[in-house]
1. Which residues, taken from the stretch 35-45, are out of contact with any Asp or Glu (no Cβ under 6 Å at 6 or more places or on another chain) and either without any contact (Cβ under 8 Å) to a residue 40 or more places away in the chain or basic (Lys, Arg) (or both)?
2. Checking the structure you have, find out if any residue of the stretch 25-33 is part of a strand (DSSP E or B) and touching a residue at least 24 places away in the same chain (Cβ under 8 Å).
3. Looking at Glu14, Glu58, Glu44 in this structure, which one is of a type in the set (D, E, K, R) and in a strand (DSSP E or B)?
4. Read through the list (1) touching a helix residue (DSSP H, G or I) at 6+ places or on another chain (Cβ under 7 Å); (2) over 17 Å from Ser13 (Cα atoms), then give the number of the only condition that Ile25 fails.
5. With the requirement that a residue be at pLDDT below 95, closer than 15 Å to Trp74 by Cβ and either of a type outside the set (D, E, K, R) or in contact with a Lys or Arg (Cβ under 8 Å, 6 or more places away or on another chain) (or both), what does the stretch 10-35 give you?
6. Just one of Thr61, Thr35 is surrounded by fewer than 17 Cβ atoms within 10 Å (Cβ to Cβ) and of a type outside the set (A, V, I, L, M, F, W, C); which is it?
Amino acid sequence: MNRGEGVINLDVSELEPPEPYGLAIDILLEMPAKTILNLIHRKEPYPLYQTASEMGFEHKTVLLNDGRVNIQFWHKGESIVLRSLTHN
């Protein structure tokens, strides 16, 4: 895991279930406002999408050329973060 200003980078693409889910949930539980969790996974984590939404997060998913997925999570309603995502 790598933490930059306002971004937490987490690559779980080589971990076995349920470890990616657990790590992501632990981070989301503690994630401060105006922060993005930038997650790299080997497949789309549909259960995580549902749980994160119930916890008050939105997400954006991009399929990468190597078959992995890049998912960004942020707190619902944070337009500053949302603007930064749409300009990338």
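1. So in the stretch 35-45, the residues out of contact with any Asp or Glu (no Cβ under 6 Å at 6 or more places or on another chain) come out as 35-39, 41-45.
Correct list: Leu37, Asn38, Leu39, His41, Arg42, Lys43, Glu44, Pro45.
2. no
3. Going through Glu14, Glu58, Glu44 in turn, just one is of a type in the set (D, E, K, R) and in a strand (DSSP E or B): Glu58.
4. Condition (2) is where Ile25 drops out.
5. Selection gives Pro32, Ala33, Thr35.
6. Values: Thr35 fails: surrounded by fewer than 17 Cβ atoms within 10 Å (Cβ to Cβ).
Result of the check over Thr61, Thr35: Thr61.
The values are calculated or read from the model by the stated rules, or taken from the named source; none is laboratory data. Quick caveat, the model's predicted, so the values are computed rather than measured. FYI the Cβ positions are ideal-geometry reconstructions off the backbone, even for glycines, and counts take in every protein chain you see.
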